[in-house]
Amino acid sequence: KQEVTQIPAALSVPEGENLVLNCSFTDSAIYNLQWFRQDPGKGLTSLLLIQSSQREQTSGRLNASLDKSSGRSTLYIAASQPGDSATYLCGSNYKLTFGKGTLLTVNP
Amino acid sequence: NAGVTQTPKFRILKIGQSMTLQCTQDMNHNYMYWYRQDPGMGLKLIYYSVGAGITDKGEVPNGYNVSRSTTEDFPLRLELAAPSQTSVYFCASSGGGSGSYEQYFGPGTRLTVT
């Protein structure tokens with residue numbers, strides 16, 4: 001059974017800092033890894049999808065990497081802004097197994 | 001396109017009552033999913049469907065039922081509501097097949113059972 005862990009559970013940084021969010025999974029036989037952002041009281045917004053044949057995906061200030069052999073994915077956020085404050089979730093495979101998320105706060 | 005829509009947004013049920021959570025997508029996606037999110041927890045899969053007429057259980061299906069008579073709609077039925085079903089329910093869809101597993105989520109239904 002796939003298990004997904006996200007570390008840290010919460011992260012507070014000053015505006016402008018580059019940061020990395022971590023996602024670990026137990027079963028390396030994954031189809032894909034998807035990163036989401038969730039604002040309070042809202043649904044999930046897809047940020048990036050990495051397929052099993054890919055190593056990374058980029059969208060604007062976001063870069064997500066996937067290392068199947070080590071069971072890890074990272075989400076890199078460059079030049080963080082207060083508007084990036086949200087909970088970030090990762091999920092694996094087409095029937096998504098989710099981590100509990102990382103609550104990110106970017107302070108002005 | 002509206003994407004994935006869910007109704008109602010909020011609902012309060014008494015123990016033992018039943019209700020149906022509605023979910024519709026207009027992206028012609030084959031795959032649809034229901035998740036629940038409890039406070040401080042990640043999302044857990046309740047049921048999913050890979051096409052009209054085909055449904056299967058996820059990780060936490062007890063107390064729920066689904067049907068998929070059309071590509072667009074995937075209602076979730078709660079029978080005999082219990083306090084443990086107090087949660088936020090999210091519907092999602094994806095195209096399915098190679099390269100199309102990116103999931104799109106609805107805004108959620110916040111359900112309280114008292």
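Within the stretch A:29-54, residues that are touching a residue at least 60 places away in the same chain (Cβ under 8 Å) reach partners that are buried (at least 16 other Cβ atoms within 10 Å of the Cβ) and of a type in the set (Lys, Arg) with beta carbons closer than 9 Å, at six or more positions or on different chains, in the pairs A:Ile30/A:Lys68.
Checked against (1) among the small types (Gly, Ala, Ser); (2) in contact (Cβ under 8 Å) with a residue 40 or more places away in the chain; (3) open to solvent by 10 Å² or more (accessible area, probe 1.4 Å), A:Ser85 meets all criteria but (2). For the stretch B:56-69, the set of residues classified as open to solvent by 60 Å² or more (accessible area, probe 1.4 Å) and more than 11 Å from the chain's Cα centre (by Cα) consists of B:Asp56, B:Lys57, B:Glu59, B:Asn62, B:Ser69, listed by residue number. Looking across the stretch B:101-114 at every residue that is open to solvent by less than 50 Å² (accessible area, probe 1.4 Å) and of a type in the set (S, T, N, Q), the one that is modelled with the lowest pLDDT is identified as B:Gln103.
Residues are listed down the side, and each one gets a yes or a no for (1) out of contact with any Phe, Trp or Tyr (no Cβ under 9 Å at 6 or more places or on another chain); (2) in a strand (DSSP E or B); (3) among the aromatic types (Phe, Trp, Tyr):
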residue: A:Gln6; (1), (2), (3): no, yes, no
residue: A:Leu21; (1), (2), (3): no, yes, no
residue: A:Ser65; (1), (2), (3): no, yes, no
residue: A:Ser70; (1), (2), (3): yes, no, no
residue: A:Ala79; (1), (2), (3): yes, no, no
residue: A:Tyr88; (1), (2), (3): no, yes, yes
residue: A:Gly91; (1), (2), (3): no, yes, no
residue: A:Lys100; (1), (2), (3): yes, no, no
residue: A:Thr105; (1), (2), (3): yes, yes, no
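Which of the residues belonging to the stretch B:72-100 are closer than 18 Å to B:Thr24 by Cα, open to solvent by less than 40 Å² (accessible area, probe 1.4 Å) and in a loop (DSSP other than H, G, I, E, B)? Once the filter is applied, which keeps residues that are closer than 18 Å to B:Thr24 by Cα, open to solvent by less than 40 Å² (accessible area, probe 1.4 Å) and in a loop (DSSP other than H, G, I, E, B), the stretch B:72-100 yields B:Phe74, B:Pro75, B:Gly95, B:Gly96.
The values are calculated or read from the model by the stated rules, or taken from the named source; none is laboratory data. Every value quoted in this text rests on a predicted model; they were computed, and no experiment measured them. Methodologically, a virtual Cβ is constructed for each residue, glycine included, from the backbone with ideal geometry; neighbour enumeration extends over all protein chains shown. These area figures cover heavy atoms from the full protein model, side chains too; ligands, DNA and RNA do not enter into them. Shrake-Rupley method; radii C 1.70, N 1.55, O 1.52, S 1.80 Å.
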